[in-house]
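The numbers here are math on the coordinates, done by the rules we state, and not lab data. None of these values were measured; they are calculated from a predicted model. Cβ sites come from the backbone with ideal geometry, for glycine too, and all protein chains shown count toward neighbours.
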Amino acid sequence: MRRLGTASQWAAVALLGGSALIATEEVRAAEYAQGIYVLGNRGPLAGVIPPPGFYFESETYFYQGDLGGNRVFQGGGVVAANVKINFSANFATPIWVTPVEILGGNLGFSITIPFGTPDVSAGAVLSSPRIDRIIAGREHDAIFNVGDIYLASFVGWHAGNFHWTATALGVVPSGSFENGQLSNIALNRPALDLSGALTYLDPVLGYELSVVPGITFNWINPATRYLTGTEFHLEWSASKYLSKDLSIGLVGYFYDQLTGDSGSGDRIGPFKGRVVSLGGQVGYTFHAGEIPISTSVRVYREFDVKNRFQGTATYLTISAPLWVAPPRTAVESRSVVAKY
C-alpha cells in the first residue's frame with residue numbers, strides 16, 4: 001500500500017529530506033538495519049543437542065521498533081527517513097541429529113524456512129530504484145513473503161554438566177526479494193555465520209547458564225549492489241528450574257558490526273551498528289502421552305542502540321521430537337536433553 005502526498009506535504013518532505021541527508025554521517029547500519037542472523041533466537045540450553053533422531057521446531061517472532069530522529073535507512077535500494085517496523089514471522093525448522101560422531105560429538109543438520117509480513121512505514125522516502133527522487137511524504141509496505149533459506153550443520157558434545165556445540169550456518173537467497181520494496185523478509189544476501197555455544201546445566205540444583213558467540217560474513221546483495229559488513233553477535237541466558245518442567249530466567253544479546261558497508265549501491269556510507277538487549281524467559285514442557293513438547297517465551301528490550309532499530313523482540317518457541325533413536329546403552333541416554 002502506497003500513498004503520495006499533497007503539495008503541502010511535498011514541501012515538508014523536502015525539508016525533512018534535507019535534514020535527513022545532513023544526519024547521514026551519524027547514521028550507521030547494515031542494509032535494512034538488520035543482520036541475517038536474527039538476534040535472540042538462541043536462548044537457554046543453546047549448547048545442548050538431543051540424542052540422534054528427528055525433531056521439529058517452530059519459532060514465532062515479533063519485533064516492533066523504529067529509527068527516529070530523521071535517521072536514514074536503506075533497504076531494497078530505497079533510502080528513507082523516520083522508519084518504523086512492526087515485524088511478525090515464523091521460522092519452521094526440521095532438525096536431524098545423526099548417529100555420526102566427529103571428535104566424539106554428534107553431527108546434526110537443520111533447515112529453516114522463514115515466512116511473515118514485515119510492516120514497514122517511512123516518514124519520508126528520499127530515493128527509490130523506481131523513481132530516483134523524493135517520491136512521498138509517507139510510504140507504507142506490509143507484504144507477506146517467504147524469507148531466505150537457512151542451512152545449518154552442527155556438532156555437539158557433552159561432558160558432565162557442560163555441553164557445547166559448533167555451528168556453521170549458510171544463508172541462501174530464496175528469490176522472493178523485491179527491489180524497491182520496503183517490506184522484505186528476504187534480505188537477498190548470501191551469508192555464512194559461524195558460532196559456538198556453551199551451556200552449563202546442573203540437573204541437581206536446577207541452574208542453567210548459556211553463552212553463544214558468533215560472527216557473520218556477508219556477500220553482496222546482487223539486486224541492490226549493497227555489501228553489508230562483517231557482524232559479531234553474542235547471546236546469553238541464566239535460568240533456574242523451579243521443577244523438571246518449568247524454568248524462568250534472564251536472557252540478553254549484544255551485537256556489533258565490525259566492518260563498514262560498501263558496494264556501488266550503497267548511497268549512505270560505510271555504516272556500522274550496535275545494540276544491547278536484556279529480557280526474561282519462561283519455559284515449560286508439556287507431555288502428550290510420552291512425547292515431551294517444549295515451549296518457551298522470551299522477551300528482549302533493546303537499549304544502548306547505535307544506528308539500528310530500537311525496539312522489543314518477542315519469541316514463542318515450540319519444539320518436539322518426531323522420532324528418537326533408542327539408546328545403545330543406558331549410559332548414553334542423556335536426561336539433560338529433556339528440552340526435546
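If you place +1 on the Cβ of every Lys and Arg, -1 on the Cβ of every Asp and Glu, and leave all else neutral, what size is the dipole of the range 153-306 about its Cα centre, to the nearest 20 Debye? Walk me through the numbers before you get to the answer.
On the way: 10 positive and 13 negative charges, 56 e Å.
My answer is approximately 280 debye.
Taking the range 253-319, how much of its Cα-Cα pair set, in percent, is spaced more than 17 angstrom apart? Don't skip to the answer; put the middle values down first.
Working: 1317 of 2211 pairs.
Tail of P(r) above 17 Å: 60 percent of Cα pairs.
Give me the net charge for the shell around LEU187: Cβ to Cβ below 11 angstrom, other residues only, Lys and Arg +1, Asp and Glu -1. Could the numbers behind the result be given before it?
On the way: positive: ARG189; negative: GLU31, ASP148.
Residues near LEU187 contribute -1 overall.
For the range 217-253 and the range 95-117, what is the separation of their C-alpha centers, rounded to whole Å?
Distance between centres, Cα-based: 17 Å.
What ranking do ASP245, ASP266, ASP261 get, fewest neighbouring Cβ atoms within 10 angstrom at the top?
Values: ASP245 14, ASP266 19, ASP261 23.
So the residues, fewest neighbours to most, are ASP245, ASP266, ASP261.
Please give the net charge around ALA223, taking every other residue with its beta carbon less than 11 angstrom from that of ALA223, where Lys and Arg add +1 and Asp and Glu add -1. Each step should come with its number before you reach the end.
Working: positive: ARG189, ARG225; negative: GLU31, GLU178.
Here the count lands on 0.
Largest first and to the nearest Å, give the Cα extent of the range 166-241 along each principal axis.
Dimensions of the range 166-241 along the principal axes of its Cα atoms: 54, 21, 17 Å.
Using the basic label-point model (7 angstrom from Cα toward the beta carbon), what is the SER264 to TRP96 distance in nanometres?
Spacing of the two 7 Å Cα→Cβ label points: 4.1 nm.
Label points 7 Å out from Cα along the Cβ direction at LEU151 and LEU198: separation in nm?
3.1 nm
Cβ under 10 Å from ASN86's Cβ, ASN86 left aside: what net charge do those residues give with Lys, Arg +1 and Asp, Glu -1? Walk me through the numbers on the way to the answer.
Details: positive: LYS84; negative: ASP66, ASP119.
Surrounding charge for ASN86 is -1.
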